[in-house]
1. May I ask you to list the aspartates and glutamates whose Cα is less than 20 Å away from that of Lys206, ignoring any residue fewer than eight positions away on the same chain?
2. How large is the direction-averaged shadow of the alpha-carbon convex hull of the range 168-302, in nm²?
3. Using the basic label-point model (7 angstrom from Cα toward the beta carbon), what is the Ser287 to Glu115 distance in nanometres?
4. If each residue of separation counts as 0.36 nm, what is the full-extension length gain between His259 and Tyr93 once their alpha-carbon separation is subtracted?
5. Determine the gain in length on full extension of the stretch Thr127-Ile56; use 0.36 nm per residue of separation and subtract their C-alpha separation, reporting nm with one decimal.
6. With the cut-off at 1.5 for a/c, could you classify the range 68-144 from its C-alpha gyration tensor as rounded, prolate or oblate?
7. For the range 210-215, in order, what is each residue's ³J(HN,Hα) by Karplus, 6.51 cos²θ - 1.76 cosθ + 1.60 with θ = phi - 60°, in whole Hz (x at glycine and Pro)?
8. How high is the relative contact order of the range 210-277? Use alpha-carbon pairs under 8 Å, at least six apart in sequence, and give a whole percent.
Amino acid sequence: MIRVKLGKSVSIALVSGLVLTGCGGGSGSLGFGSLGFGGDGTGGGIFGSRIEKRPIDQWSAEEIFKRGEYDLEAGDPSEAAKWFGEVERLYPYSEWAKRALIMQAFSHHKDREYELARSTAQRYIDTYPGDEDAAYAQYILAISYYDQIDLIGRDQGLTYQALQALRTVIERYPDTEYAKSAILKFDLAFDHLAAKEMEIGRYYLKRKHYAASINRFRVVVEQFQTTTHVAEALHRLVEAYLSLGLESEAQTAGAILGHNFQSTDWYEDSYRLLTSRGLKPEAKGNSWLRQVYRQMIKGEWL
């Protein structure tokens, strides 16, 4: 829902899902009825034939803004962005231009023009850093990275950029609704990076490049401890270390797995694999895994 407070500033309410959407109606919103359209879409209101035939430079800032909002609610964010841009062009430095700028960023995001959404949102932040809608502009910038995160098998540069931008929302605007949404998306993006490491690790493990696979699984265990991939990473470490004949490391990985994920299938598989070789999950040796195990026992691991 897009709510425009004509006496104050633009306030945009989020809806559930990864992509922001707009809808008409609601208290304080400019729905179709506010625009004065007749049954044939041409009569009455500010978009009657008399006004529509005027040159654009004879429209008021409010008229242009409302036309952009109409197109946005009608499902044409590309056209809406053009109208909001006209407000900026014809009425620079006005209150309507400020409102139009944030709506232009919103429209670009709706249109999946993510680079334009980011650049427009950044202009808003740079021009109005203290405005109440600066938090929302920062959120648009962040989710315009987030919504471009590619499949796990591709380059993850955008994922890192999304994490950085989402962190900015969380840290700079902690008491806003945008921070709450950013936290959820941050966790998903973080999990996405761990999934990338796991995919590469499994690739190496399948091809018996054990040292390379261990490096990937180690990254997950040490740097992505809050994600859903840690249990599998520990099990894959058991597999890889046993394949290299490094039994102490395999047993320690199994011990960590048993301590934290005993009820999972991953632990059952690791336990079965170790015991089939006359071994059991226990912390042994002085490897990096043993250090992780000691930290875990002290409660510092997670």
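1. Hits, sequence-local ones excluded: Glu197, Glu232, Glu239, Glu247, Glu249, Asp265, Asp269.
2. Details: hull surface 36.0 nm².
That works out to 9.0 nm².
3. 4.6 nm
4. Details: separation 166, 0.36 × 166 = 59.76 nm, distance 6.10 nm.
That works out to 53.7 nm of additional length.
5. On the way: separation 71, 0.36 × 71 = 25.56 nm, distance 2.54 nm.
Extra length from Thr127 to Ile56 when fully extended: 23.0 nm.
6. On the way: a/c = 1.88, a/b = 1.11, b/c = 1.70.
It is oblate, given that a/c is not under 1.5 and a/b is not larger than b/c.
7. Going residue by residue, I get 5, 4, 5, 5, 4, 4 Hz, with x marking Gly and Pro.
8. Details: 65 pairs, mean separation 19.8, N = 68.
Result for the range 210-277 is 29 percent.
Coordinate-derived values only; no laboratory data. These figures come from a predicted structure and were not determined experimentally. Backbone-built Cβ (ideal geometry, glycine too); neighbour counts: all protein chains shown.
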